[in-house]
Amino acid sequence: MLGTTALLRRTVALLFVTAAAALAAGAPTAAHAQPAGKATALKATELEPTPDPSLSFNDMANAMGLFSKYGLTYEPGPKLGGGGPARVQAVVTGNTEVATSDIISAMGGIYSGAKIKILMVMTPYGDEEVLGLNKYKTLKDALGQSWGVASLGGAQRFNAQMTVEGMGFKSDAFRWTAISGADAPRLEALDTGRTQLASLSHLGVMLAEAKGFTKQVHVLVQHTSKYTPPVPRLVVVASTDWLKSHQDVATRYVEMMLDANRQWQNNADSWVAAAGKIYQAAGLNDQQLHQAWQEFRDGGYFSINGGINYAATQKIMDLFFKLRGEGSNQYLSKPADMYDTGPLKAALDKMGVVKSGTDLPDVPDWYGSKSAAAK
């Protein structure tokens, strides 16, 4: 499946090695720094140590020159394994000032008493693709089979369960199997027969197709977001202690990320050009990157209003407590407990709220400023 096992393993290694090389060769550590004394250094940590355009929001913004535009200098934080929980820990211990994590890791940290807050949601929808062996023509054909997700307690499993429920199945209709890491290990799990289904990012599917490793598997669900409510997925976290004295920096950072996401939403070339800079060794051409951008955009991936939606957060909180067999506590009892909306409100007051129809996934239901100009 997907060629030979040995060949796929070489590709798995290549995805990581070439991505790391792209970061070293293709992405500067600071973009167009302003004169000394003008720019504020900000240490920001990505969700994955290797550059992935769909996850490396800071590297992408840096490649666009946006840190300099907002009076900031990008200092890459530590390159960590361990996914979201390790990023939360880096924020708590002061090893980074802001970090991209997943909402479940952030929620778990807050529930346990960690003094952190979410500044914005980078992906208002947890949109992914579901791949399965060719013998399964539909998702219904694969009921009861093993499904590879990044972890059993993380956001990817939550998103997958919401997807199957949205398609009319029970959340326990599949055997959820933890395959840690990014897309490549879950592709290998399909190849070796460890799982019969797997959740992958749009970019991961694009890479697999481009390298010819999808001969024995096919896409069963192209957009999970079509079957779920808006689900806050990837988030930016910071410590409450840091935020007390850095509201201005936090506001400029949030404004910068809104600027980047709005460009990505409206202009494919802005995403493709930045992706090409940080991902140049991955082997995807501009046409393939444009196709990946289209999938992300169609899935409501870009955070054009900051992604914070209390109603959507409540849904994922309910599932969080249900799976853990627990209830609210003094640290986490309502969605507002998770967020510091001060920087995002200041940014939206200045930039306005994007309104483009009832199908817009990124609706800030907490925001009621009359001074925000509708666009």
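The values are calculated or read from the model by the stated rules, or taken from the named source; none is laboratory data. Treat the numbers as computed from the prediction; the structure is a model and nothing was measured. Cβ coordinates were reconstructed from backbone atoms using ideal geometry, including for glycine residues, and neighbour counts include every protein chain displayed.
A few remarks follow.
- A residue that is assigned by TED's automatic domain parsing to the domain that holds M257, closer than 23 Å to L348 by Cβ and basic (K, R) can be found somewhere in region 68-76.
- Close pairs from region 198-213: first farther than 11 Å from P53 by Cβ, partner at pLDDT 85 or above and basic (K, R), Cβ under 9 Å, at least 6 apart: A198/R186; S199/R157; S199/R186; L200/R186; G204/R186
- Residue within region 88-107 that is buried (at least 24 other Cβ atoms within 10 Å of the Cβ) and out of contact with any Gly (no Cβ under 9 Å at 6 or more places or on another chain) present: yes
- Residue ranges of strands (runs of 3 or more DSSP E) in region 103-155 with at least 3 members assigned by TED's automatic domain parsing to the domain that holds A260 and touching a strand residue (DSSP E or B) at 6+ places or on another chain (Cβ under 7 Å): 116-121
- Just one of the listed residues (L187, L243) is in contact with a Ser or Thr (Cβ under 9 Å, 6 or more places away or on another chain) and part of a helix (DSSP H, G or I), and it is L187.
- Members of region 207-252 found to be under 17 Å from the mean Cα position of the chain (by Cα) and surrounded by 22 or more Cβ atoms within 10 Å (Cβ to Cβ), listed by number: T224, S225, T228, P230, V231, P232, R233, L234, V235, V236, V237, A238
- Conditions (1) touching a residue at least 12 places away in the same chain (Cβ under 8 Å); (2) of a type in the set (S, T, N, Q); (3) in a loop (DSSP other than H, G, I, E, B): number failed by Q294: (3)
- Condition broken by V272, with the remaining ones in (1) touching an Asp or Glu at 6+ places or on another chain (Cβ under 8 Å); (2) touching a residue at least 60 places away in the same chain (Cβ under 8 Å) satisfied: (2)
- Beta carbons closer than 6 Å, at least 6 apart along the sequence or on distinct chains, pair a first residue in region 126-139 that is over 16 Å from R194 (Cα atoms) with a second that is surrounded by fewer than 18 Cβ atoms within 10 Å (Cβ to Cβ) and of a type outside the set (F, W, Y) for E129/V219; E129/Q222.
- Condition met for K315 (buried (at least 18 other Cβ atoms within 10 Å of the Cβ), over 21 Å from L258 (Cα atoms) and of a type outside the set (A, V, I, L, M, F, W, C)): yes
- For region 84-99, the criterion of being aliphatic (A, V, I, L, M), within 27 Å of T192 (Cα to Cα), out of contact with any Lys or Arg (no Cβ under 7 Å at 6 or more places or on another chain) and modelled with pLDDT under 95 is met by none of the residues.
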